[in-house]
Structures are given as C-alpha cells and as structure tokens.
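The values are calculated or read from the model by the stated rules, or taken from the named source; none is laboratory data. Given the structure is predicted, the values throughout are model-derived calculations rather than measurements. Note: ideal-geometry Cβ built from the backbone for every residue, glycine included; neighbour counts use all protein chains shown. Keep in mind that these areas ignore ligands, DNA and RNA; they rest on the heavy atoms of the full protein, side chains included. Shrake-Rupley method; radii C 1.70, N 1.55, O 1.52, S 1.80 Å.
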Amino acid sequence: MFTRRHSATRVFFAILILSLAPFSVALAKKKPPAHPININTAGSSDLQHVPGIGPSTAQKILDTRKSYGAFKSVDDLLSIKGIGPKKLEKMRKYLTVGKPSSKKQSNSPQTAAAPAKPPPAKPPAKQTGTPAPTASDDEEP
C-alpha cells in the first residue's frame, strides 16, 4: 500500500501541476493579430503573432522568402516543412500577400524641388586639317 509520504508527494505534484496549468494555457494561446500579416514584408516577430507560427517556422518563412523571392499566394507556405494543409487553414485568416515593400525614395526639399538635369550637351566636333565640304563646293561652276 501507499504510505503517507507517497500520498503527500502525489498531492504536492498535483497541486504544482494545477497551479501551473493556467500559465501553460496562457502561453499556448496567442492573441491573434488584429489585422492580417503580409508574409512578404513581415519580420520574424510579426509572423510569430500568428497562431501556429513560432520562432522556427517564422525563420523558415523568412529564409524561403529570401531564397525564392516574394510569395505569390498564402498557399506558397505549403512548400515550407512543418506547414501542412490543416495548419495553413488555421493560419490563413491571419495572413495576406501583398507586394514586397520597395525602398522609399527620399522626398527631401532639395530633391523634390530640383528638376531633373538634362544630359550634358555634346561638345562640337573638332575639325581636322581638311575642312568639311559645303553645299557650294559640291556644285560645279
């Protein structure tokens, strides 16, 4: 039979597990993002807000995007190991695909106000020892 000491140990572990349960549930459940995350522009921390995407999966998404370019569709995530059809369907409503952000041009007052300069004019051709024929030289007298 069980002794008192074994019963006390069981009770202790039961209390410990029950007291930690709310924390594990809180950690397991992420608050989903308020707006869909663009997988072509999001960083690792942004991607990790999506339920089902942790640090490892976020890094795989970034690596795939870096290697193959922008995603054309959310379905392109199926090519990433660890993301299958079921997992993708749970994540789909939190993800979107947009154009990757391009580098923004500076709109400083100096560049915005200055018109584009035309290319420099070609200098006149240097004359060699013989003058170029004129229309009057071509005519016979």
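Of the residues in region 45-58, not one is at pLDDT 95 or above, under 15 Å from Pro100 (Cα atoms) and open to solvent by 80 Å² or more (accessible area, probe 1.4 Å). Within region 81-93, residues that are touching a residue at least 24 places away in the same chain (Cβ under 8 Å) reach partners that are assigned to a helix (DSSP H, G or I) with beta carbons closer than 6 Å, at six or more positions or on different chains, in the pairs Gly82/Thr57; Ile83/Leu77. Against the definition (modelled with pLDDT of 60 or more, part of a helix (DSSP H, G or I) and more than 20 Å from the chain's Cα centre (by Cα)), how does Lys66 come out, yes or no? Judged against the criteria, Lys66 is not a match. Here is the figure for region 78-120: residues that are loosely packed, with under 10 Cβ neighbours inside 10 Å and at pLDDT 50 or above total 7.
In region 73-98, which residues are outside any loop (DSSP other than H, G, I, E, B), under 16 Å from the mean Cα position of the chain (by Cα) and hydroxyl-bearing (Ser, Thr, Tyr)? Within region 73-98, Tyr94, Thr96 qualify.
Filtered by the rule that a residue be within 9 Å of the chain's Cα centre (by Cα) and in contact (Cβ under 8 Å) with a residue 60 or more places away in the chain, region 27-63 gives Asn38, Asn40, Thr41.
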